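What follows is a short report on a single structure.
The values are calculated or read from the model by the stated rules, or taken from the named source; none is laboratory data. Bear in mind that the values here come from a model prediction, so they are computed numbers and not experimental data. Don't worry about glycine lacking a Cβ; one is built from the backbone with ideal geometry, like all the others, and counts go over all protein chains shown. These area figures cover heavy atoms from the full protein model, side chains too; ligands, DNA and RNA do not enter into them. Shrake-Rupley method; radii C 1.70, N 1.55, O 1.52, S 1.80 Å.
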Amino acid sequence: MFLLTGIIQQQNLITPILQRGNTAGDAPAFPREPNDNNTICQHVLIQSMTQNFIQFSVANFLYLLVFGFVILALAKIIFWMFTIFGKMLKFTYSVLKWILIKVLNLTKRLLLPLFKLLGNSMMASTNISDDSIKRMFLGSVFVIVPVFIIFFIWFFCRIELNAGKIAVLIAKTGKDLPTGEILALQPEQKGIQLEVLSEGRYFRNPYFWDWEEHDITDIPAGRLGVQTRLYGSNPKPGQIIADSGQKGIVADILRPGKYRINPYAYSVETFDATTIPPGSVGVVTSLVGKGVLTTDNLKDREKNLFLVHKGMKGIIPEVLDSGTYYLNPYLVTVVPITLQSQRFEMSNDDAISFFTQDGFTVRVEGTIEFNIARDKAALLTHRIGDMEDVLKKIILPRARGFSRIEGSKHPAINFIVGETRQQFQDALEAHLRKQTESWGVNIRSVLIRNIVPPDAIASIIRDREVAVQNARKFEQQIEQARSQAELARQEMLAEQNKARVEAETARILALIAAEQDLAVKITAAQRELQVSMLDKDAAVFQAEAMRAKATGERDAIRFSNLATASVLKTKTQALGSGLDLARLELYRKLGPNIRSILSSDDTQGLGSLLWPLLPNNGEPTP
């Protein structure tokens with residue numbers, strides 16, 4: 001834009017100079033010979049080219065000067081905006097101004113001989129160009145400065161944070177941080193700021209601020225985050241969890257979600273959440289707190305216990321039920337312990353072997369079902385260990401010890417035949433329940449599946465057992481035959497009883513049917529009698545009704561006739577005689593049916609036939 005404006009102004013400057021150079025009052029810049037036209041043209045052309053070159057060079061130089069003045073103005077505006085750094089900007093402005101003035105003076109000295117060759121016209125043109133430069137300078141300042149400010153703010157001051165990003169601010173100015181500190185906890189301190197910028201658009205002055213983009217801390221489902229504070233004072237020796245304002249592990253955990261955490265303030269380590277399956281409990285071991293030996297207010301008896309109180313280091317008596325827990329692994333550890341029934345198969349190498357009273361070795365195979373009590377799960381886990389330890393240290397030693405002692409009281413044959421086997425099983429179960437109850441182990445059941453006798457007596461005992469079983473079988477067959485004979489006798493008695501019952505039933509049914517028939521006939525006769533009596537009463541009532549109806553009709557006719565006679569009497573009295581009443585009725589009935597009347601002037605016409613019926617003794621009325 002500046003170059004285009006300079007070319008236009010250059011043309012505006014050249015045109016008046018050429019016009020003034022061609023006027024009659026101006027002296028030519030080069031001597032002309034009147035008799036040589038070519039020489040005159042060459043001189044004019046050389047003069048014009050020289051003037052154009054000088055003016056173009058001067059214009060470009062002026063544009064450079066204008067650009068320099070614009071930079072000076074911009075530096076001055078920046079100096080005005082950032083007053084805190086005024087001295088530095090003032091020094092920069094002075095140096096830049098001094099350099100531009102030196103360049104301008106040097107340029108004038110170099111171009112002064114050319115100005116002298118061009119004469120007064122060029123000097124006049126330089127005066128005009130000074131005013132143009134001033135106008136260009138002022139216009140450029142009002143146009144370039146706002147554009148530069150907007151450009152500077154948008155491209156150098158803007159912080160654009162997309163989704164999932166945060167920005168850590170770093171202050172470039174302010175008080176220095178104390179020795180060993182990495183974060184600026186006070187607003188007037190410089191360095192990394194504790195607070196971060198979340199997603200969005202922000203504007204910060206890059207002279208005062210710097211920033212870094214980082215990802216948001218994302219804790220996935222089923223995991224937790226443990227924060228380690230990287231700033232603050234150092235914790236005490238042996239302290240695992242840091243207090244407020246101290247470096248180290250923070251007690252509070254981060255649940256699944258997104259968190260805007262300053263990576264220079266905290267480092268986040270993720271762990272799996274503690275999951276206790278159904279049918280199990282979690283035994284909690286506290287890793288922080290006071291030790292048993294370092295606590296003064298504990299009694300000697302409490303110091304020798306396996307469990308500790310809350311706030312102390314060790315295993316806590318309370319257990320966690322099934323579910324998912326978000327616990328800080330630096331605070332506690334949780335060991336899942338199942339409470340479901342466990343089965344141990346005593347077979348092969350795990351079978352119980354003992355000597356009987358007669359010196360034979362007997363092997364017992366069976367199943368032991370047990371589980372751990374909930375209220376003693378923590379104590380048992382700490383004292384004994386896991387399920388395998390419970391089995392090997394508590395259940396099996398007691399089962400083997402009892403079997404050896406109890407087995408030595410009976411001969412080998414008792415464990416093969418008789419009731420000793422069941423008694424041994426019940427006694428073993430009762431003994432294990434009593435011995436393991438104080439440890440928190442519940443014996444659900446003890447089942448002896450197989451007892452393996454020694455080979456020396458196995459065949460003899462087996463043959464004897466077979467003979468005993470055969471004798472029992474024969475006895476059962478004899479008893480079965482007796483039962484069948486008794487059954488046949490009972491069946492015959494049942495048939496006889498059935499026939500007797502059927503005959504008695506038929507007699508009773510016939511008697512009941514006859515009694516029911518008699519009762520039905522008596523009921524029908526009584527019903528017919530009642531109907532006849534009702535018919536008689538109805539006939540009497542009907543005769544009375546007919547008599548009352550006839551009397552009413554008679555009285556109605558009589559009163560109707562009396563009323564009609566009374567009306568006729570009244571009309572007769574009103575007309576004077578009965579003939580007049582009859583005549584009136586005749587006229588009333590004939591009048592509506594008369595369509596035409598025949599008449600004449602003769603008094604003896606057809607109308608004279610009715611004269612006897614007229615009043616006034618048959619005389620016509622005039």
Between ARG558 and MET533, what is the FRET efficiency for a Förster distance of 30 Å, r being their Cβ-Cβ separation, to the nearest 0.05?
0.20
Rolling a 1.4 angstrom probe over the protein chains, ignoring ligands and nucleic acids, what is the accessible area of SER322 in square angstrom, nearest 10?
60 Å²
Which length gain, in nm to one decimal place, applies between ARG433 and ARG482 when the Cα-Cα distance is subtracted from 0.36 nm times their residue separation?
12.9 nm
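Provide MET312, MET533, MET492 ordered by accessible surface of protein heavy atoms (probe 1.4 Å), highest first.
The most accessible residue leads, giving MET492, MET533, MET312.
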Would you please give the FRET efficiency between LEU579 and GLN542, computed as 1/(1 + (r/R0)^6) with r the Cβ-Cβ distance and R0 = 56 Å, to the nearest 0.05?
0.65
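Protein chains only, probe 1.4 Å: how do THR179, THR505 rank by accessible area, largest first?
Numbers: THR179 145, THR505 65 Å².
The residues order as THR179, THR505, largest area first.
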Quick one: length gained pulling ASP176 to ARG588 fully straight, 0.36 nm per residue minus the C-alpha distance?
134.1 nm
Which links in LYS290/LYS376; LYS392/LYS434; LYS376/LYS434; LYS409/LYS434; LYS290/LYS310 stretch past 19 Å when you go from one Cα to the other?
LYS290/LYS376; LYS409/LYS434
For ARG398, what accessible surface area do you get with a 1.4 Å probe? Give it in Å², rounded to 10.
60 Å²
Could you calculate, for the stretch 353-436, the ratio of the Cα radius of gyration to the Kirkwood radius, expressed as Rg to Rh?
1.06
With θ set to phi - 60° and the Karplus curve 6.51 cos²θ - 1.76 cosθ + 1.60, what are the ³J(HN,Hα) couplings of the stretch 184-198 in order, to the nearest whole Hz, using x for Gly and Pro?
8, 8, 10, x, 8, 8, 9, x, 6, 7, 6, 6, 10, 9, 8
ARG433 accessible area, nearest 10 Å², 1.4 Å probe?
100 Å²
